[in-house]
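K.L.:
One structure, as structure tokens, below. Some questions next.
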Amino acid sequence: MSEPKQDNLFANPLGNVPGFVFDQAVVDVFPDMIRRSVPGYQTILSHCGALASRYVKPETHCYDLGCSLGASTLAIRANIEGRDATMVAVDNSAAMLGRCKTILESSPSKVNTQLINADICDIDISNASLVVMNFTLQFVPLDKRLALLEKIYRGLNPGGCLIISEKLCFEPESLNSLLSDLHHQFKRAQGYSDLEISQKRDSIENVLVPETLETHIQRLRTCGFHSSSPWFQCFNFCSLVAFK
Ligand SMILES: C[S@@+](CC[C@H](N)C(=O)[O-])C[C@H]1O[C@@H](n2cnc3c(N)ncnc32)[C@H](O)[C@@H]1O
């Protein structure tokens, strides 16, 4: 397995910045990219493990939707051994899932793990005690999000837990601009240049479509989740739990 490289995909002027895709070039730098771009990423991962330890029940399924290189799957697996639970990790990027397979194989676990290369809107979800979507829903087309969450709700067992981590937007625009500036300041402190920050922003615009916290909470309620709340927020990045 090749060593993760430093993310310099946006370091040189690109002219017309192409729309962001999860291709092999992104796979090669992804661990560095997400660590330096998402404030609180490690905290969210380790607490997904802690939540898995609480909520994953014996002989149930635990889903990692948009698993990328399997960071959430690894954190969860480490906390659910001996429960005869099945981990299901799904991603529609073949490049991501290929590398994910190699990474998971290099970290053996007794937890039965299935990798699925598919759109999360098309898979079956059943007998779930935990569903995790860490920074994935934001890439699903807006008009498919409600149906996806309804499907997740139906597939969860009573008492089951959903974790959704997302970039948020805020109202009014002055608040959005403040939290966005604080995020860019975080990225500068992680070594990204102003050019990298602005080209990445252009590339990801219209690909990553954030929503407000209120929109997330309202949609979860509409789907039937009886309670939901953010459990972590840093600037414009947030992680929520919701319960069936
Ligand atoms: C920001 S990454 C997720 C990071 C990962 N969950 C983690 O914690 O490291 C978003 C991932 O979601 C995947 N993705 C986006 N839309 C998807 C969809 N509709 N179906 C399946 N995977 C999707 C992308 O290929 C990408 O690997």
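K.L.:
Determine which single condition R219 fails, assuming it passes every other condition in (1) among the basic types (K, R); (2) free of Cβ contacts under 8 Å to residues at least 12 places away in the same chain; (3) farther than 30 Å from N16 by Cβ.
P.N.:
Only one criterion is unmet by R219, namely (2).
K.L.:
Scan the range 137-159 and give yes if some residue there is more than 9 Å from the ligand (Cβ to nearest atom), polar (S, T, N, Q) and either in contact (Cβ under 8 Å) with a residue 40 or more places away in the chain or part of a loop (DSSP other than H, G, I, E, B) (or both), otherwise no.
P.N.:
Within the range 137-159 (the criterion being more than 9 Å from the ligand (Cβ to nearest atom), polar (S, T, N, Q) and either in contact (Cβ under 8 Å) with a residue 40 or more places away in the chain or part of a loop (DSSP other than H, G, I, E, B) (or both)), the answer is yes, since at least one residue qualifies.
K.L.:
A further question on this structure: Of (1) modelled with pLDDT of 95 or more; (2) within 22 Å of A71 (Cβ to Cβ), E214 satisfies all except one. Which?
P.N.:
(2)
K.L.:
Given the conditions (1) assigned to a helix (DSSP H, G or I); (2) near the ligand (Cβ under 9 Å from one of its atoms), which single one is not true for S68?
P.N.:
So the condition that S68 fails would be (1).
K.L.:
Tally time: how many residues in the range 100-125 are touching a strand residue (DSSP E or B) at 6+ places or on another chain (Cβ under 9 Å), among the small types (G, A, S) and loosely packed, with under 14 Cβ neighbours inside 10 Å?
P.N.:
1
K.L.:
Within the group I80, I116, which residue is within 14 Å of the ligand (Cβ to nearest atom) and not basic (K, R)?
P.N.:
Among I80, I116, only I116 is within 14 Å of the ligand (Cβ to nearest atom) and not basic (K, R).
K.L.:
Working only within the range 190-218, note down all residues that are of a type in the set (A, V, I, L, M, F, W, C), closer than 21 Å to S239 by Cβ and either assigned to a helix (DSSP H, G or I) or over 18 Å from the mean Cα position of the chain (by Cα) (or both).
P.N.:
I204, L213, I217, listed by residue number.
The values are calculated or read from the model by the stated rules, or taken from the named source; none is laboratory data. Predicted model, so just to flag it, every value in this text is computed and none were measured. Cβ sites come from the backbone with ideal geometry, for glycine too, and all protein chains shown count toward neighbours.
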